[in-house]
1. Name the residue, out of I572, I602, I598, that is surrounded by fewer than 21 Cβ atoms within 10 Å (Cβ to Cβ) and part of a strand (DSSP E or B).
2. When the stretch 480-501 is examined, which residues are found to be over 19 Å from K133 (Cβ atoms) and not hydroxyl-bearing (S, T, Y)?
3. Among the residues of the stretch 512-559, which ones are surrounded by fewer than 18 Cβ atoms within 10 Å (Cβ to Cβ), aliphatic (A, V, I, L, M) and in contact with a Gly (Cβ under 7 Å, 6 or more places away or on another chain)?
4. Looking at A273, A281, can you tell me which residue is within 14 Å of the chain's Cα centre (by Cα) and modelled with pLDDT of 95 or more?
5. Hey, can you tell me all the residues within the stretch 107-138 that are among the basic types (K, R) and at pLDDT 95 or above?
6. Residues being in contact with a strand residue (DSSP E or B) (Cβ under 6 Å, 6 or more places away or on another chain) and at pLDDT below 95: count how many of those fall in the stretch 601-618.
7. Spot the failing condition for A273; the list is (1) assigned to a strand (DSSP E or B); (2) more than 18 Å from T372 (Cα to Cα), and only one is missed.
8. Is it fair to say K610 is basic (K, R) and crowded, with 20+ Cβ neighbours inside 10 Å?
Amino acid sequence: MNIIKYAPAAAGIEGRISGDAPSNFSEFSGSSRFSFPRHSVAVLLLTGCMAVSAVSSAAPPEGKGPRPETWAKGRILVMPRAGLPETELAKILGAHGGKGRKIGQSDLYIVDLPGNASEKAIAARLAHHPHLKFAEPDYLVTPDFVPNDPYYGSAWHLPKIGASSAWDKSQGTGVTVAILDSGVDGTHSDLSARMVPGWNFYDNNSNTSDVYGHGTKVAGAAAAAANNAIGVASVAGQSRIMPLRVTDTSGAGYISMIAHGVTWAADRGARVANISFAGVAGSSTIQNAAQYMKNKGGLVVVGAGNSGINEGYAPTTTLIAVSATDSNDVKTSWSSYGNFVAVAAPGAGIWTTTRGGGYGAVSGTSFSSPVTAGVVALMMAAKSTLSNTQVESLLYSTAVDLGTAGRDSYYGYGRVNAARAVQAAAGTTTIADTQAPAVSISAPLGGATVTGLVPVNVTATDNVGVARVELRVNSTTVAIDTAAPFGFTWNSAGTPNGMASLVAYAFDAVGNSKASTSVAVNVANGTVTVVKDITPPVVKIINPVAGSVSGNVAISVNATDNGGAAGITQTIYIDGVAKATGIGGALSYNWSTRSTNIAAGIHTIRALAKDKAGNASSASVNVTVIK
């Protein structure tokens, strides 16, 4: 192929975030507008857009070393337990002067705090709140960055991972890889044919052009066009590229925007998402967004970082974290490591595309990550019937074990091997999963007397993975949790006083389910007397919000009434057909849009609530199903 030399000027890191966030963040306090304070922002910085003069890792990059611990002023991130009423979440946050906004179709919230608030102290207090899954500051990390230089290597990484052998069976056709970065140069001759529509979460528009240069390099490493007689070859040259801009012009990005980008991509059919940012593997917000995508059949790949230290992050099944190796199959000196690392991949002297139509050699875990994402795309295309968990397992089992035998903190399960991985994927017989999950309720204990908001803790395991857990109270599904650890907040005020039966149902990805042993508790809330009730209930659809959806959609509805929630009957309709009915202030329903009976396009979800006096009200939302 013809290699075009390109030596861009060194790009300095200047400026900070400005501008507004996407206006389609949903605010439960009632406002439809979401504004980021111009000087109160959380940013993540790119994991290592740097180039070195050789393929080895001898020269340490500038910016190497521990990152200072700073965070956004005036903002934190939280995730409520499934089932927590919206009004109660508002009270919890309001006690600290906070207001929350929902991130896309996920259960994550951005919380704006008053100017005199201590973000870290409030996040620490809320992290232990019994009705919140987690709370964390919007951390800022320093850049691991060295500008490009004019030295070039060769595409050594492709034969190292056995790419050419893998290409005999798969080139990634039909798989979309989402690139969450500074945008992508969609006019580049090696990328233009691979592009599909994305979104700019920084400016809230469809302009996804690259404003910094990093995203174009990342996209090229994963899926630059192959066999087109120009430029470079990538790992998955027939895969599609979905550009998602989540940064400003200095390459800095919001955790909240990255999380929104992951859920947005998942709802639009992307099977792989690449996040080449430092620090994301330690974020609970990113991990939960990644689980959202995993529940919809996708996988999220992230760079380990370039600090050259043990980052200390806990291992997670939500992300595939990748360290960087050199041409000698040795971890580079600047690559971060730790127990969270799942695999390693070439990351030094990687040939790729650059903004403006050029090419260059770059280094960093920013590029070992998309190399791995490309391998995942090859595997998914090799056998489309494989589940994402099977693909993940085969990626690990076929990796070349380096360092200490078995999984270790430097290489994870080993350096990725595309040839072995694709061969294993193509040759794997899809075995029907007939084993149901195991599930039990650990709290509250049977016979307990409960009032108000009640934490309900559930343990659920499966041979492959638990897709969701539903909590049912007296046969009404009141909440659905899709991410471990599974736990709920049950508003017992929505249940008549007396004995109530709690049962948790666990489901795996193919629909196998099992119910826990029933736990009987005594509900003892005060009663509300209304002489003449002419006031209808207030009902609201919490999830989904207007927008695109795909896969399993957890529909959640809240209702309140002057006569008490225990007297409300709720019904969920989809396109006019009743799907679920229950008694109380909360009702949930799992809508599987993968069904052949569900057409792509616009569908209407409607919630109807009636009180004992027959007063009724309804709420509706239109969503677009993506097939």
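The values are calculated or read from the model by the stated rules, or taken from the named source; none is laboratory data. Treat the numbers as computed from the prediction; the structure is a model and nothing was measured. Positions of Cβ are backbone-derived with ideal geometry, glycine not excepted, and every protein chain shown enters the neighbour counts.
1. After applying the criteria, what remains is I602.
2. A493, G494, P496, N497, G498, M499, A500
3. Hits for the stretch 512-559 are A520, V528, V530.
4. Values: A281 fails: modelled with pLDDT of 95 or more.
After applying the criteria, what remains is A273.
5. In the first step, residues of the stretch 107-138 are kept if they are among the basic types (K, R); the result is 120, 125, 133.
Of everything in the stretch 107-138, those that are among the basic types (K, R) and at pLDDT 95 or above turn out to be R125, K133.
6. Adding up the residues that qualify gives 0.
7. Unmet for A273, out of (1) assigned to a strand (DSSP E or B); (2) more than 18 Å from T372 (Cα to Cα): (2).
8. On the way: basic (K, R): yes; crowded, with 20+ Cβ neighbours inside 10 Å: yes.
Answer is yes for this residue.
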